[in-house]
1. Taking the condition within 16 Å of the ligand (Cβ to nearest atom) and among the aromatic types (Phe, Trp, Tyr), does PHE86 pass?
2. Does LYS70 meet the test of being over 23 Å from GLU182 (Cβ atoms), in contact with a Gly (Cβ under 8 Å, 6 or more places away or on another chain), of a type outside the set (A, V, I, L, M, F, W, C) and modelled with pLDDT under 95?
3. If you take the residues in region 121-137 that are part of a loop (DSSP other than H, G, I, E, B) and out of contact with any Lys or Arg (no Cβ under 6 Å at 6 or more places or on another chain), which one is surrounded by the most Cβ atoms within 10 Å (Cβ to Cβ)?
4. Quick check on region 75-92: of everything there that is in contact (Cβ under 8 Å) with a residue 12 or more places away in the chain and charged (D, E, K, R), which residue is surrounded by the most Cβ atoms within 10 Å (Cβ to Cβ)?
5. Name, by its number, the condition in (1) of a type outside the set (Phe, Trp, Tyr); (2) within 12 Å of the ligand (Cβ to nearest atom); (3) under 22 Å from VAL172 (Cα atoms) that does not hold for LYS44.
6. Which numbered condition in (1) of a type in the set (A, V, I, L, M, F, W, C); (2) part of a helix (DSSP H, G or I); (3) away from the ligand (no atom under 16 Å from the Cβ); (4) in contact with a helix residue (DSSP H, G or I) (Cβ under 6 Å, 6 or more places away or on another chain) is the only one that ILE7 fails?
7. What residue, of ASP74, ASP19, ASP61, is of a type in the set (Asp, Glu), outside any helix (DSSP H, G or I) and either closer than 30 Å to ASP131 by Cβ or away from the ligand (no atom under 16 Å from the Cβ) (or both)?
8. Residue under question is ALA95, and the condition is that it be without any contact (Cβ under 8 Å) to a residue 24 or more places away in the chain and away from the ligand (no atom under 16 Å from the Cβ); does it hold?
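The values are calculated or read from the model by the stated rules, or taken from the named source; none is laboratory data. Because the structure is predicted, anything quoted here is derived from the model rather than measured. Here the Cβ is made from the backbone with ideal geometry for all residues, glycine too, and neighbour counts use every protein chain on show.
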Amino acid sequence: MENIELIILFTGKRKCGKDFICERLNNQLQPQLCEIIRISEPIKSEWAKKLNLDLQMLLSDGPYKEKYRKDMIDWSDEIRAKDYGFFCRKAIQKATKKIIIVSDIRRRNDIKYFRDTFDDRIRTVRVSCPDEVRIARGWKFQSGVDDVESECGLDDYTDWDLKIMNDGSVDVNQIIEQIVKEFKLDDYLII
Ligand SMILES: Nc1ncnc2c1ncn2[C@@H]1O[C@H](COP(=O)(O)OP(=O)(O)OP(=O)(O)O)[C@@H](O)[C@H]1O
């Protein structure tokens, strides 16, 4: 983890396009230098082990993960209550590259964990998108998921290094250019 130079934390509501933007950014950066990690990965792998489920299905973006989302939130919150950095630590421990993109920051304590551990190597990005666009992308309000801390905990957080509107009106290449410029990632781009 001493090797890490920069960790970019992405956050935003369900279906705002966090994962989409992170994948596009990562694809433009040199693979030996940059990687995406997901806090949901250790949550899902522990959950899959516990219930003997198919981890790959759980990791994919589809109805399978939605079926278990609420139960995973409730269960992982029990673990966080004892150790708020548990899943963040597990996720970052596997990282090996210099530039780390975290695609699914959801809580103030997630930011706190990274801030306390990596200090000025952290950058934060808030991705936004109107509800009607999220709906068009498959979002449907779900009680116990959309009205709990994992969705709303960062609604009134304001200390973002960068805010992005991903409503489809801006070309995603422009969004990536903006991120590269803001965080001085030019040296890491694929030439
Ligand atoms: N700018 C965009 N242009 C076209 N499609 C997009 C754009 N942003 C997101 N999408 C599509 O919208 C869907 C939801 O995006 P994505 O999975 O990245 O959201 P998310 O914020 O990671 O959601 P969740 O929190 O549910 O994991 C995906 O199918 C993705 O391809």
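1. So PHE86 does not fit the description; no.
2. yes
3. Within region 121-137, the match that is surrounded by the most Cβ atoms within 10 Å (Cβ to Cβ) is CYS129.
4. Out of the qualifying residues, it is ARG80.
5. (3)
6. That leaves (2) as the condition not met.
7. From the options ASP74, ASP19, ASP61, the qualifying one is ASP61.
8. Taking the combined requirement at face value, the residue does not satisfy it.
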